[in-house]
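The values are calculated or read from the model by the stated rules, or taken from the named source; none is laboratory data. All of these numbers come straight from a predicted model, not from anything done at the bench. Here the Cβ positions follow ideal geometry from the backbone for every residue, glycine too, while neighbour counts run over all protein chains shown.
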Amino acid sequence: MLQLCPALMDWLLFLTMFAILYGAGARGFSPAQWMWLGSLMQLTYLVSSLATGHLLTPRNTRPLLLGSTVICIALMAAALWAETFVALAVLSAAIGLFAAIFFTAFQTFMRHVASPDELPRTAALYTCSWSIGAGLGFLSAGALYAFGPAALTALTLLVGGLTFAILLAHRAPEHATTAIEPDAGAPHTAHVPEAIRRRYVWIGWLLIFVVVFALRPIQNFLPPLGAQAGHSALWTTLPLFLQIMLQGLAGYAMHTQTRWLYRRAPLVLLQLAAALIFVVLAFVPAGALFGLPLVGLWCGYAYFQAVYYASNAGRRAWNLGINEFLVGAASLGSLFLVELLMQQTAQPETALYLCAAASLGLAACALIWLAPRR
């Protein structure tokens, strides 16, 4: 039951994000305002992630988890009723602040209560859980948006209450109150030297940065662009829903593919494949319904490895805090760059070239950084 919590929280987070951004397009907000509504949430998210990763201990993780859950639910419910840009901006920033506390604390708690031999399955379940929750958030927001904020608020309170009840009922076992040995790797990677595991922590950080850099502009600008084009909320969310659902399934499947861990070749090949898909989508934007789900397969692999590598070497809570910090930093940087590109060109889909370039850059970094050393 515990692994349902990131799914439920991401359900609400993406539902709220879609409602804010689709409403911004419907109310005639400018592209710059779309960018700021997404960026403020990411700005507070990245700052809060680093602070949380530094301050978390096995003893304070659960209280912070419970408190951030309650506050996030209240803020998201309020954002569904806000209409002015200033109110939406303030609420978006506050949601980002407490969402970072929730996700960093949850991953740390998850790692504390799981034994080392359960790490692949735990990381896979986490990737699958939050991805499916995000997909449900987009889909339910698209389906219920026409019914107004009352229906969305009712769903938010229902799902949020269930999340809090699960967390409140879950008690950590005794060994969760003591820190995990920093150099204790999972048994199936015991043959991987600690120095290599630490190097792959950096690879995990690069992976999560590039994936979020590529996907965040699509998730941020597609809803208001769809609203301005006159597309229904449900039709606008469908490609995003399919992409995230395949991402979750791919992330879960990764726990059976541990032979892919700590290997350079699969990493590089998947980055090249992702770059190719982004280039094709730039030339054929109408193919988003098919292309974005394929991108989801790449994302599932990347998110799983980022969580796994961060949890299998060094200071786990700090590594996970940096993961979440990079989610915010990549989101912020990509939104500014894509918004600038949208000002310079009449074809927003050309921003997909940035996504392709980011994937190619990661492939190059992997080739250099992971090259065999004498």
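A few remarks follow.
- Residues that are without any contact (Cβ under 8 Å) to a residue 40 or more places away in the chain and out of contact with any helix residue (DSSP H, G or I) (no Cβ under 7 Å at 6 or more places or on another chain) within the range 124-156 comprise 147, 148, 150, 154, listed in sequence order.
- When the range 48-100 is limited to residues that are outside any helix (DSSP H, G or I) and among the charged types (D, E, K, R), the one that is farthest from residue 149 (Cα to Cα) turns out to be 59.
- Breaking point among (1) farther than 11 Å from residue 100 by Cα; (2) touching a residue at least 12 places away in the same chain (Cβ under 8 Å); (3) hydrophobic (A, V, I, L, M, F, W, C), for residue 55: (2)
- Single residue of 78, 19 found to be touching a residue at least 12 places away in the same chain (Cβ under 8 Å), among the hydrophobic types (A, V, I, L, M, F, W, C), surrounded by fewer than 21 Cβ atoms within 10 Å (Cβ to Cβ) and farther than 26 Å from residue 110 by Cβ: 78
- For residue 127, the stated conditions do not hold, so it cannot be described as on the phi < 0 side of the Ramachandran plot, among the hydroxyl-bearing types (Ser, Thr, Tyr), at pLDDT 85 or above and part of a helix (DSSP H, G or I).
- Counting the residues of the range 59-85 that are among the β-branched types (Val, Ile, Thr) and either at pLDDT 90 or above or at positive phi (or both) gives 4.
Let's see how each residue does on (1) within 24 Å of residue 217 (Cβ to Cβ); (2) among the small types (Gly, Ala, Ser); (3) surrounded by 20 or more Cβ atoms within 10 Å (Cβ to Cβ); (4) at pLDDT 80 or above:
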position	(1), (2), (3), (4)
249	yes, no, no, yes
260	no, no, no, no
269	no, no, no, yes
273	yes, yes, no, yes
285	yes, no, no, no
290	yes, no, no, no
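- In the range 181-209, the residues that are in contact with a helix residue (DSSP H, G or I) (Cβ under 9 Å, 6 or more places away or on another chain), at pLDDT 60 or above and not in a helix (DSSP H, G or I): 192
- Residue in the range 106-119 that is part of a helix (DSSP H, G or I), touching an Asp or Glu at 6+ places or on another chain (Cβ under 7 Å) and modelled with pLDDT under 85 present: no
- All conditions in (1) in contact (Cβ under 8 Å) with a residue 60 or more places away in the chain; (2) surrounded by fewer than 22 Cβ atoms within 10 Å (Cβ to Cβ) hold for residue 265, with the sole exception of (1).
- Residue list for the range 252-275, restricted to those being in contact with a Ser or Thr (Cβ under 9 Å, 6 or more places away or on another chain) and not aromatic (Phe, Trp, Tyr): 254, 255, 258, 261, 270, 271, 272, 273, 274, 275
- Scanning the range 302-336 for residues that are more than 18 Å from residue 125 (Cα to Cα), at pLDDT 80 or above and not small (Gly, Ala, Ser) yields a total of 5.
- Failed condition for residue 329, given (1) hydrophobic (A, V, I, L, M, F, W, C); (2) within 18 Å of residue 200 (Cβ to Cβ); (3) surrounded by 21 or more Cβ atoms within 10 Å (Cβ to Cβ): (2)
- Residues satisfying the criterion are absent from the range 24-38 (criterion: closer than 20 Å to residue 155 by Cα and more than 18 Å from the chain's Cα centre (by Cα)).
- For residue 70: the one exception among (1) closer than 22 Å to residue 155 by Cα; (2) β-branched (Val, Ile, Thr); (3) touching a Gly at 6+ places or on another chain (Cβ under 9 Å); (4) buried (at least 18 other Cβ atoms within 10 Å of the Cβ): (4)
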